[in-house]
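Reading through the C-alpha cells given below for one structure.
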Amino acid sequence: MTIGKSPDRENAPSSAELSGEPDHAADAPSIGRVLSVARIDAGLTVDQVSTATRVRVPIVHAIEEDDFARCGGDFYARGHIRAIARAVGVDGEALVARYDAAHGGAPAGKRPTQLIDSGPIKVPGRGRPNWTAAMVAAIFAVVALIGFNLVSGKTGGSTTGSASAPLPSGSGTGSVAPVASPSVQPPAPAPSAEAIAAAPADKVTVKLVAEKDTSWVSALDGSGKSLFQNNIEEGQDQTFTDPKQIKLVIGNAGAVHVYVNGKDLGPAGKNGQVVHVTYTPGDPQAG
C-alpha cells in the first residue's frame with residue numbers, strides 16, 4: 001500500500017482562514033510610515049514638526065524610519081511617538097500600543113505602597129520649647145549683669161580716687177599725652193594786607209567775608225551783569241573784580257567784612273541792615 005499526500009490535507013485551510021480573520025499585521029504600514037505619511041498629508045516639514053514637538057530633527061527622521069534606538073529608551077520613544085502623532089493629526093495611543101506590542105509591552109504599573117497610619121511621628125529632642133527654663137536663664141543673666149556692674153563701679157571709683165592724688169614733680173623729660181578737646185571750627189582767617197595789595201591797580205577788587213552770620217549778597221559788574229546772587233555762609237568769602245565798578249547789595253551788613261582795593265573797610269554795616277554800595281578803582285566810594 002502506497003502512502004502519499006492526502007488531497008484533503010493539501011487543501012486544508014490555514015488557521016487564519018479557519019478563524020475567519022484576515023492577517024493585517026504584515027500588511028499594515030509601520031509606525032514610522034504612518035507618521036511620515038500623516039506629516040506629508042498635513043503639509044508639514046520635519047523642521048516644523050520638530051519645532052512643534054521639541055523633538056530634535058535627527059530623532060524625527062529616525063522615528064519615521066522606524067529607528068527608535070536614538071530615542072534613548074522605551075519611555076522616551078513612547079513620548080516622542082505621542083507628540084509627533086498629535087502634531088500630524090493621528091491617533092498616538094494606537095501607535096504606542098503597536099510599539100509596545102513590538103517591543104515587549106508596556107511597563108507594568110506599580111502598585112502604590114500601602115501606608116500604615118501609626119499615629120503622629122515623634123521626633124526625639126524637638127518638643128515644645130521650655131519657656132520656663134528660658135525665663136529662669138534670662139533672669140539669672142540679668143542679675144549677674146547687675147552684680148558685675150556694681151562691682152565694676154566700686155572698683156572704678158577706687159581707681160579714680162587713687163588717680164586723683166597729686167603726682168610728685170619729677171625732673172624727667174617724659175611727655176604727657178595731651179587731652180583731646182572738642183573740635184571748634186576756627187573763624188575764617190582775614191586776608192593778609194599783602195594779598196589785598198596784590199590786587200590790580202587798574203581794576204576794582206572787592207572781597208567779602210562772612211564772619212559772624214549768614215548774609216544774602218548780590219554783586220553786579222560795570223555793565224550790569226550779575227556776578228553773584230546767593231547767600232554767603234559764615235566762614236565763606238567771595239571776591240569780585242571789574243575794570244569799572246562793583247555794585248553790591250548786602251542783606252545782613254553786620255555779618256559781612258569788606259575789603260576794597262587793598263583796604264580793610266570793616267563790617268559793611270549793622271546786623272540786619274541792608275546796604276547798597278558801589279566801588280570803583282582807586283578809593284572806595286559809597287553809592
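The values are calculated or read from the model by the stated rules, or taken from the named source; none is laboratory data. Everything numeric in this text was worked out from a predicted model, so none of it was measured. Cβ coordinates were reconstructed from backbone atoms using ideal geometry, including for glycine residues, and neighbour counts include every protein chain displayed.
Out of (1) at pLDDT below 95; (2) over 22 Å from residue 28 (Cα atoms), the odd one out for residue 69 is which? If we test residue 69 against (1) at pLDDT below 95; (2) over 22 Å from residue 28 (Cα atoms), just (2) comes out false. Checking each residue of segment 18-41 against the condition of being on the phi < 0 side of the Ramachandran plot, modelled with pLDDT under 90 and outside any loop (DSSP other than H, G, I, E, B) gives at least one match. Figure legend. Inter-residue proximity from segment 83-101: first residues in a helix (DSSP H, G or I), second residues crowded, with 17+ Cβ neighbours inside 10 Å and of a type in the set (S, T, N, Q), beta-carbon distance below 6 Å, spacing 6+ or different chains. Indicated pairs: 83/53; 84/53; 87/53. Take residue 44 and decide whether it is farther than 15 Å from residue 31 by Cβ and surrounded by 13 or more Cβ atoms within 10 Å (Cβ to Cβ). Yes; evaluated as a whole, the condition is true for this residue. The residue pairs whose first member lies in segment 44-55 and is over 17 Å from residue 82 (Cβ atoms), whose second member is of a type in the set (A, V, I, L, M) and surrounded by 15 or more Cβ atoms within 10 Å (Cβ to Cβ), and whose beta carbons are closer than 7 Å, counting only pairs six or more residues apart or on different chains, are 46/60. Every test in (1) surrounded by 17 or more Cβ atoms within 10 Å (Cβ to Cβ); (2) in a helix (DSSP H, G or I) is passed by residue 51 save one, and that test is (1). Filtering 144, 210, 188 for residues that are modelled with pLDDT of 55 or more, aliphatic (A, V, I, L, M), surrounded by 10 or more Cβ atoms within 10 Å (Cβ to Cβ) and not assigned by TED's automatic domain parsing to the domain that holds residue 253 leaves a single hit, 144. Of all residues in segment 252-267, those satisfying the criterion of being closer than 10 Å to residue 209 by Cβ, crowded, with 21+ Cβ neighbours inside 10 Å and either under 52 Å from the mean Cα position of the chain (by Cα) or among the small types (Gly, Ala, Ser) (or both) are 255, 256.
Looking across 120, 107, one residue alone is over 19 Å from residue 54 (Cα atoms) and at pLDDT below 55. It is 120. Applying the set (1) part of a loop (DSSP other than H, G, I, E, B); (2) at pLDDT 95 or above to residue 270 leaves exactly one unmet item: (2).
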